[in-house]
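First the structure, in the form of structure tokens, and then the observations on it.
The values are calculated or read from the model by the stated rules, or taken from the named source; none is laboratory data. Since the model is a prediction, treat every value here as computed from it, not as a measurement. Note that each Cβ is placed from the backbone with ideal geometry, even for glycine, and that neighbours are counted across all protein chains shown.
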């Protein structure tokens, strides 16, 4: 028996165990945090924003680094995330938000950088309306956070991926559901749509560096356009 080889194998086994152990700890905390529903009680400048704060920090970093001219958001809800994005754009002195929802919710925040569009994110009418806001020279990023069922998300991915500029992000939110690791009984959702989309579209890759805080509601959801 080679003692050096035996020691090397032991170190490899330990490292593998440590990786699995860390993943299990992160998944357990993720489940605990999600089930606490504290994220549903989170707000930005007084407006509800149902996001993981660690993801919001990542959004801030992405916007600062890339300085997009236009951010398209599918899924407005109360408008808290649109206001957050607009606030970051204010600090940078650049950018506008186009946010889409099927419901016209009263009391959404008014902001000079926010443009509200009412309608289905996948309808031709809505897409045509959005195109009127986008200049040919605009650098565009997209955030998908509307209907989380796989069939809807894959439609959004196919539609909105073409607007994302090279080097910019197409972010798919809530890919943690359907057992990744939460809401195991949800059924095929954003994660399954991501997997299908990446098989058919080689222009995007998963940027795992955006998951550096370990806890993210968007695992594999930070898609960067590389070509």
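Looking at (1) out of contact with any helix residue (DSSP H, G or I) (no Cβ under 7 Å at 6 or more places or on another chain); (2) touching a residue at least 40 places away in the same chain (Cβ under 8 Å); (3) under 27 Å from residue 201 (Cα atoms), which is the one condition that is false for residue 162?
(2)
Every residue, every condition in (1) over 16 Å from the mean Cα position of the chain (by Cα); (2) touching a residue at least 60 places away in the same chain (Cβ under 8 Å), yes or no:
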| site | (1), (2) |
| --- | --- |
| 68 | no, yes |
| 91 | yes, no |
| 126 | yes, no |
| 136 | yes, no |
| 145 | no, yes |
| 150 | no, no |
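Report, by residue number, each residue of the stretch 109-123 that is more than 15 Å from residue 44 (Cβ to Cβ) and not in a loop (DSSP other than H, G, I, E, B). It would help to see each step written out before you state the result.
Here is the first cut: in the stretch 109-123, the residues more than 15 Å from residue 44 (Cβ to Cβ) are 112, 115-123.
Within the stretch 109-123, 115, 116, 117, 118 qualify.
Go through the stretch 142-227 and tell me which strands (runs of 3 or more DSSP E), entirely inside it, have 3 or more residues that are buried (at least 16 other Cβ atoms within 10 Å of the Cβ) and at pLDDT 95 or above. Explain how you work it out, then say what you get.
Numbers: elements: 169-172, 204-206, 222-225.
In the stretch 142-227, 169-172, 222-225 are the strands (runs of 3 or more DSSP E) which contain 3 or more residues that are buried (at least 16 other Cβ atoms within 10 Å of the Cβ) and at pLDDT 95 or above.
Name the residue that is surrounded by the most Cβ atoms within 10 Å (Cβ to Cβ), counting only residues in the stretch 72-83 that are within 18 Å of residue 140 (Cβ to Cβ) and free of Cβ contacts under 8 Å to residues at least 60 places away in the same chain. Talk me through it step by step, then tell me what you get.
We begin by selecting, within the stretch 72-83, every residue within 18 Å of residue 140 (Cβ to Cβ); these are 72-76, 81-82.
Among the residues that remain, those that are also free of Cβ contacts under 8 Å to residues at least 60 places away in the same chain are: 76, 82.
Details: 76: 24, 82: 29.
Selected residue: 82.
Going by the conditions given, is residue 130 modelled with pLDDT of 95 or more, over 21 Å from residue 205 (Cβ atoms) and in a helix (DSSP H, G or I)? Steps first, please.
Working: modelled with pLDDT of 95 or more: yes; over 21 Å from residue 205 (Cβ atoms): yes; in a helix (DSSP H, G or I): yes.
Criteria met by residue 130.
Among the residues of the stretch 95-108, what is the count of those that are more than 15 Å from residue 143 (Cβ to Cβ) and either buried (at least 17 other Cβ atoms within 10 Å of the Cβ) or not assigned by TED's automatic domain parsing to the domain that holds residue 145 (or both)?
Applying the first criterion (more than 15 Å from residue 143 (Cβ to Cβ)) to the stretch 95-108 yields 102-108.
Right, trim to either buried (at least 17 other Cβ atoms within 10 Å of the Cβ) or not assigned by TED's automatic domain parsing to the domain that holds residue 145 (or both) and you get 108.
Residues meeting the conditions: 1.
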